[in-house]
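First the structure, in the form of structure tokens, and then the observations on it.
The values are calculated or read from the model by the stated rules, or taken from the named source; none is laboratory data. Values in this document were obtained by computation on a predicted structure and should not be read as measured data. Positions of Cβ are generated from backbone atoms using ideal geometry, with glycine treated the same way; all protein chains shown enter the neighbour counts. Just the protein is used for accessible areas: all its heavy atoms, side chains included, with ligands, DNA and RNA removed. Shrake-Rupley method; radii C 1.70, N 1.55, O 1.52, S 1.80 Å.
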Amino acid sequence: FDLQKLNNGVRVRMAEKGEKLVLLDGETIEMSDSTLVIADHLRAVALAGVMGGVESGVTSATTDILLESAFFDPVSLAGVARSFRLQTDASTRFERGVDPSIQEIALERATGLIMEICGGLPGPVIVSEDKEKVPTFHAIKFEPDCVNETLGSELSHQRIKEILSSLGMSIQHIDEFWEVTPPKYRSDIKISADLIEEVAR
């Protein structure tokens with residue numbers, strides 16, 4: 001965002017019924033009170049997880065910027081972009097789920113690149129989160145013998161372990177079962193069948 005165009009920073013809130021926003025592509029949308037937005041303290045400035053607004057957008061005249069790095073619950077954004085006939089890189093990524101633990105890392109990386117290319121001085125990082133609503137990841141109880149039973153394959157336990165490990169999953173052996181923990185960016189892996197699908201793929 002162009003920092004000079006914002007009134008007292010940004011916050012996340014629900015839109016007011018009938019609130020309008022001119023997006024970066026020039027289209028004006030009218031939102032309902034179930035639409036999540038990024039706003040300053042006067043108006044909405046972005047459709048959360050989808051696209052920014054033109055009134056707070058960066059131009060060639062911008063001298064100060066505010067970077068926002070977020071995690072949005074995929075369920076809260078499901079269908080939002082399509083309801084406005086939009087499909088963006090941001091909406092695709094957020095709808096599929098992003099790693100909820102790397103927002104500050106991404107922010108520092110983006111800041112470093114901007115400073116390297118454009119110069120300038122970094123400002124403070126301000127974190128706003130509801131820790132109780134940040135997703136937690138639990139190990140999946142997994143029986144490796146189910147892979148061959150389901151797929152009709154003849155894979156060894158060692159080969160199955162190699163495949164899952166190569167996908168960033170950590171594995172603990174508990175008797176005949178394994179406890180498999182997917183990486184945090186794989187929010188689509190929740191049950192044993194998901195692990196079998198990954199091995200098949």
- Message: Looking at the range 3-34 only, could you name the residues that are in a loop (DSSP other than H, G, I, E, B), closer than 23 Å to V127 by Cβ and either open to solvent by less than 30 Å² (accessible area, probe 1.4 Å) or of a type outside the set (A, V, I, L, M, F, W, C) (or both)?
- Response: L6, N7, N8, G9
- All but one of (1) more than 16 Å from the chain's Cα centre (by Cα); (2) surrounded by 15 or more Cβ atoms within 10 Å (Cβ to Cβ); (3) in a loop (DSSP other than H, G, I, E, B) hold for N148, so report the exception by its number. (3)
- Message: Within the range 98-109, does at least one residue satisfy the condition of being under 22 Å from E16 (Cβ atoms), surrounded by 15 or more Cβ atoms within 10 Å (Cβ to Cβ) and either touching a residue at least 12 places away in the same chain (Cβ under 8 Å) or out of contact with any helix residue (DSSP H, G or I) (no Cβ under 9 Å at 6 or more places or on another chain) (or both)?
- Response: no
- A careful count of residues in the range 55-77 that are part of a helix (DSSP H, G or I) and open to solvent by 80 Å² or more (accessible area, probe 1.4 Å) gives 2
- Message: Looking at V80, V37 in this structure, which one is open to solvent by less than 70 Å² (accessible area, probe 1.4 Å) and under 19 Å from G9 (Cα atoms)?
- Response: V37
- Note on the structure: Checking V125, V134 in turn, the sole residue that is under 26 Å from S76 (Cβ atoms), touching a Pro at 6+ places or on another chain (Cβ under 8 Å) and open to solvent by 40 Å² or more (accessible area, probe 1.4 Å) turns out to be V134
- Item | Positions within the range 133-145 being under 27 Å from the mean Cα position of the chain (by Cα) and more than 27 Å from A110 (Cβ to Cβ), in sequence order | H138, A139, I140, K141, F142
- Query: Consider R85 against the criteria (1) within 23 Å of I126 (Cα to Cα); (2) out of contact with any Pro (no Cβ under 6 Å at 6 or more places or on another chain); (3) in a loop (DSSP other than H, G, I, E, B): it satisfies all of them except one. Which criterion is unmet?
  - Reply: (1)
